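Trainee: One structure, as structure tokens, below. Some questions next.
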Amino acid sequence: MTAKEVLNRYWGHSEFREPQEEIITSVLNKTDNLAVLPTGGGKSLCYQIPALLLPGVTLVISPLIALMKDQVNQLKYTGIPAELISSEYTQTQIIEILDQTKRGEIKLLYVSPERLLSSIFIEHLRSVLLSLIAIDEAHCISEWGHDFRPAYHKIARIKQVFPSVPILALTATATDLIKKEIIQKLQLFEPHVFQSTLKPENLSYHVVNSQDKYGDLLRYFKTRKESAIIFVRNRRQTQEIAQFLLNNNIDAAYFHAKLTKEEKEQRQTDWTKSNSQIMVATNAFGMGIDKADVRTVFHIDLPPSIESYYQEVGRAGRDGKKARGIYLYTKEDQINAENIFKANLPSKKEFLRIANALFSHLIIGEGELHDLDYTLDVPLFSDKYAINAKTMVMFLDFLNTQGVIYQKNFNQLSTIQINIAPQTASAMNNPILDYLQRTSPGIFMQHREISEGRMSYELGQSITEIRQKINELKDRQILEYSDRYLARFRFLVPREDSLFTNKLWTIFENIQISQWKRLQAISFYAEQTENCRERLLLAYFNQKSESNCGHCDVCRKRKKAKDIKQQILDFIATGPKTNEEILTNFITSPKEKILQTLQILIDELKIENEGFASYKIKE
């Protein structure tokens, strides 16, 4: 069976998109490949079709469980044997799936990059006929990219275990620097690099100067009943904007990383099935979303980079119909983004102070390496040593990527126990206490984990207000409250202060400089009003466009200006016109714009003055 026959049999298409067929041919020739295809460009077919043509199993490494589940369900629906292994599965379920794989009953096996860190999993994989390794969202391996994920650094180990198995790395966006890093860190051998145009035929980009973002959102959705995503910077905003829209009878929900697994799955399912619901989300919702009829993607805050902006806007219009990305912009967005970036950024002196504080706190001396798992209460540690908590999280993430520590996870473990009797608590008619009694059985007897975010949404108050009121009850000794953020890790190398002073600081500084440049690039994109936005985006990814898009806000403004120009020329062509006659005829246009256009027409020798404040066509 040929690749086209497989395409037609399982997916019902007779032709490939460019350059799918070339990629598939290269994969079947057992070479390493890097494919950069835009969102919605059919990346998954580039490994799913070879998986059916090659013997054995194709291992697919993907960053999101939701994305893996969606693809596996779609493959099963079309009759293709596929499975995934995730942290949600029991050991018994995982062993059964691996046994099915050994028996040749599965063609595609999906796992997260973290699964490759398990030596037991790798040993099981050795007994399987592995024909292809596909790495989705490969930009996650790049420290210069926009969705950096430390576990992707470890993927290259599988190349050492299976040196003859070809690798196909796929991503939607990559600059030349990121492509180079993907190839290097995945240890791709003489890879073929494929890149299709990133120019979307149906998607337009708009930056709107907005002094009332909530009002602009409301006005937009009052006239359009459509599926949309609104990307925001933090969890608090997701809830506030969703509640604002709901209060104005617009169907909306919110999504962020701190929701429970069940909440995430339910909200994504509800949104996917709806043709009009608006999802207000942080970038935790950005990757792996497969919904064809998203018409608009809004951004309320300045994105961290052009890469992330392009990826997120690319969630719109996957059905090929017209769609748009709209950024509601103010100059303050750039100032706020820069201030946040700088606030969390340590100097070299602070960087070394954090390292010394961490080693002192954990009682680790120069040259020592203990075979211990450490648990660090980040807020308590940060308070004790006067360190910004977000900076501390960034510091630990950096050590993890550089192989200094192996970081297992971060856990949010806010707990509450009510100290008064249930009857007394009920009699107080306090919304916080009433909510806790209703949702947390046993809270009078023991500490129970709680979600301030969920309380915020269900009680219609901000997280800040919720925490403030909980702390007031704590101060009155009505309840015990512990708001902790725990990091769990172990050191992989002995303490060596010179390592932090020299090598690690240099790497850290270079990464921050790169991120700062990316922030400045997206700031320029948003602020400028002279260049076609699509051409700017393509140029950033080293792609040229022969013409302006004609649809973005800049092109539309330019077109409108040309229209006014031609209209004024046509009006004057009927006979000389006075200043007052021209302004009256174009009363709906700003006076300054009309006068400016008249001067441009004079400069271009298309009209000339006749007498005082009167104009005629130049002969």
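The values are calculated or read from the model by the stated rules, or taken from the named source; none is laboratory data. It should be emphasised that the depicted structure is a prediction, and the values quoted were computed from it without experimental measurement. Note that we place each Cβ from the backbone using ideal geometry, even for glycine, and neighbour counts take in every protein chain shown.
Trainee: Out of everything in the stretch 311-324 that is touching a Phe, Trp or Tyr at 6+ places or on another chain (Cβ under 8 Å) and crowded, with 22+ Cβ neighbours inside 10 Å, what residue ends up being nearest to Phe285 (Cα to Cα)?
Mentor: Glu312
Trainee: If I filter the stretch 220-239 down to residues being modelled with pLDDT of 90 or more and surrounded by fewer than 19 Cβ atoms within 10 Å (Cβ to Cβ), which single residue comes out as farthest from the chain's Cα centre (by Cα)?
Mentor: So the residue we want is Tyr220.
Trainee: Out of curiosity, is Thr529 closer than 19 Å to Leu345 by Cα and not assigned by TED's automatic domain parsing to the domain that holds Thr424?
Mentor: Against the criterion (closer than 19 Å to Leu345 by Cα and not assigned by TED's automatic domain parsing to the domain that holds Thr424), Thr529 does not qualify.
Trainee: Still on this structure, please answer the following. I'm trying to understand the selection: among the residues of the stretch 359-395, which are in contact (Cβ under 8 Å) with a residue 12 or more places away in the chain, under 23 Å from Trp505 (Cα atoms) and part of a helix (DSSP H, G or I)?
Mentor: Those that are in contact (Cβ under 8 Å) with a residue 12 or more places away in the chain, under 23 Å from Trp505 (Cα atoms) and part of a helix (DSSP H, G or I): Phe359, His361, Val378, Phe381, Tyr385, Ala389, Lys390, Thr391, Met392, Val393, Met394, Phe395.
Trainee: Follow-up. Output the qualifying pairs, or none if there are none: Cβ atoms under 6 angstrom, residues six or more apart or on different chains, first residue in the stretch 456-473 and closer than 15 Å to Thr439 by Cα and free of Cβ contacts under 8 Å to residues at least 40 places away in the same chain, second residue assigned to a helix (DSSP H, G or I) and not acidic (Asp, Glu).
Mentor: Hits for this filter: Leu459/Pro431.
Trainee: Further, regarding this structure: From the list Thr223, Thr197, which residue is more than 30 Å from Glu22 (Cα to Cα), out of contact with any helix residue (DSSP H, G or I) (no Cβ under 6 Å at 6 or more places or on another chain) and hydroxyl-bearing (Ser, Thr, Tyr)?
Mentor: Checking each option against the conditions leaves just Thr223.
Trainee: Filter the stretch 508-566 down to residues that are modelled with pLDDT under 90, touching a Lys or Arg at 6+ places or on another chain (Cβ under 8 Å) and buried (at least 19 other Cβ atoms within 10 Å of the Cβ), then give me how many there are.
Mentor: Going through the stretch 508-566 one residue at a time, the tally reaches 0.
Trainee: So which residues in the stretch 72-119 are farther than 30 Å from Gln407 by Cβ, among the basic types (Lys, Arg) and touching a helix residue (DSSP H, G or I) at 6+ places or on another chain (Cβ under 7 Å)?
Mentor: Residue satisfying the conditions is Lys107 alone.
Trainee: Taking into account only those residues within the stretch 242-254 that are part of a helix (DSSP H, G or I) and in contact (Cβ under 8 Å) with a residue 24 or more places away in the chain, which is surrounded by the fewest Cβ atoms within 10 Å (Cβ to Cβ)?
Mentor: Phe244
Trainee: Of the conditions (1) loosely packed, with under 15 Cβ neighbours inside 10 Å; (2) at pLDDT 95 or above; (3) under 31 Å from the mean Cα position of the chain (by Cα), Ser360 satisfies every one except a single condition; which number is it?
Mentor: Going through (1) loosely packed, with under 15 Cβ neighbours inside 10 Å; (2) at pLDDT 95 or above; (3) under 31 Å from the mean Cα position of the chain (by Cα) one by one, Ser360 breaks only (3).
Trainee: So how many residues does the stretch 560-597 have that are of a type outside the set (Gly, Ala, Ser) and either under 23 Å from Gly550 (Cα atoms) or under 46 Å from the mean Cα position of the chain (by Cα) (or both)?
Mentor: 20
Trainee: Right, next: Pick out the one residue from Glu201, Glu181 that is under 24 Å from the mean Cα position of the chain (by Cα), surrounded by fewer than 22 Cβ atoms within 10 Å (Cβ to Cβ) and either of a type in the set (Val, Ile, Thr) or assigned to a loop (DSSP other than H, G, I, E, B) (or both).
Mentor: Glu201
Trainee: Select from the stretch 255-277 the residues that are surrounded by 16 or more Cβ atoms within 10 Å (Cβ to Cβ), within 17 Å of the chain's Cα centre (by Cα) and free of Cβ contacts under 8 Å to residues at least 60 places away in the same chain and list them in ascending order.
Mentor: Listed by number, the list holds a single entry, Phe255.
Trainee: Another one. Take the conditions part of a loop (DSSP other than H, G, I, E, B), closer than 23 Å to Met392 by Cβ and not assigned by TED's automatic domain parsing to the domain that holds Ala257 and apply them to Leu352. Does it pass?
Mentor: no
Trainee: Please list, ordered by first then second residue, the pairs with beta carbon atoms under 9 Å, 6 or more apart or interchain, first in the stretch 438-453 and of a type in the set (D, E, K, R), second part of a helix (DSSP H, G or I) and modelled with pLDDT of 90 or more.
Mentor: Arg448/Leu436; Glu452/Ile470
Trainee: What number of residues within the stretch 216-241 are over 22 Å from His206 (Cα atoms) and part of a helix (DSSP H, G or I)?
Mentor: Total satisfying the criteria: 4.
Trainee: Given (1) part of a loop (DSSP other than H, G, I, E, B); (2) within 27 Å of Gln528 (Cα to Cα), where does Leu605 come up short, assuming only one miss?
Mentor: All conditions pass for Leu605, except number (2).
Trainee: Inspect all residues belonging to the stretch 56-65 and state whether any of them is small (Gly, Ala, Ser) and within 27 Å of Phe541 (Cβ to Cβ).
Mentor: Yes, there is a match, as at least one residue in the stretch 56-65 is small (Gly, Ala, Ser) and within 27 Å of Phe541 (Cβ to Cβ).
Trainee: Does any residue of the stretch 125-132 turn out to be out of contact with any His (no Cβ under 7 Å at 6 or more places or on another chain), in a helix (DSSP H, G or I) and modelled with pLDDT of 85 or more?
Mentor: The answer is yes; a qualifying residue exists.
Trainee: Let me ask something additional. State whether one or more residues within the stretch 342-355 are modelled with pLDDT under 95 and over 30 Å from Ile507 (Cα atoms).
Mentor: No: the stretch 342-355 contains no residue that is modelled with pLDDT under 95 and over 30 Å from Ile507 (Cα atoms).
Trainee: To continue, here is another question. Would you mention how many residues in the stretch 279-337 are in a helix (DSSP H, G or I), hydrophobic (A, V, I, L, M, F, W, C) and assigned by TED's automatic domain parsing to the domain that holds Gln239?
Mentor: 4
Trainee: Scan the stretch 100-119 for residues that are within 17 Å of Ala156 (Cα to Cα) and among the aliphatic types (A, V, I, L, M) and jot them down.
Mentor: Val111, Leu116, Leu117
Trainee: Out of everything in the stretch 41-92 that is more than 11 Å from Lys107 (Cα to Cα) and acidic (Asp, Glu), what residue ends up being farthest from the chain's Cα centre (by Cα)?
Mentor: Ranking the qualifying residues of the stretch 41-92, first place goes to Glu88.
Trainee: Let me ask something else about it. State yes or no: is Glu18 surrounded by fewer than 18 Cβ atoms within 10 Å (Cβ to Cβ), closer than 23 Å to Lys179 by Cα and modelled with pLDDT under 90?
Mentor: Against the criterion (surrounded by fewer than 18 Cβ atoms within 10 Å (Cβ to Cβ), closer than 23 Å to Lys179 by Cα and modelled with pLDDT under 90), Glu18 qualifies.
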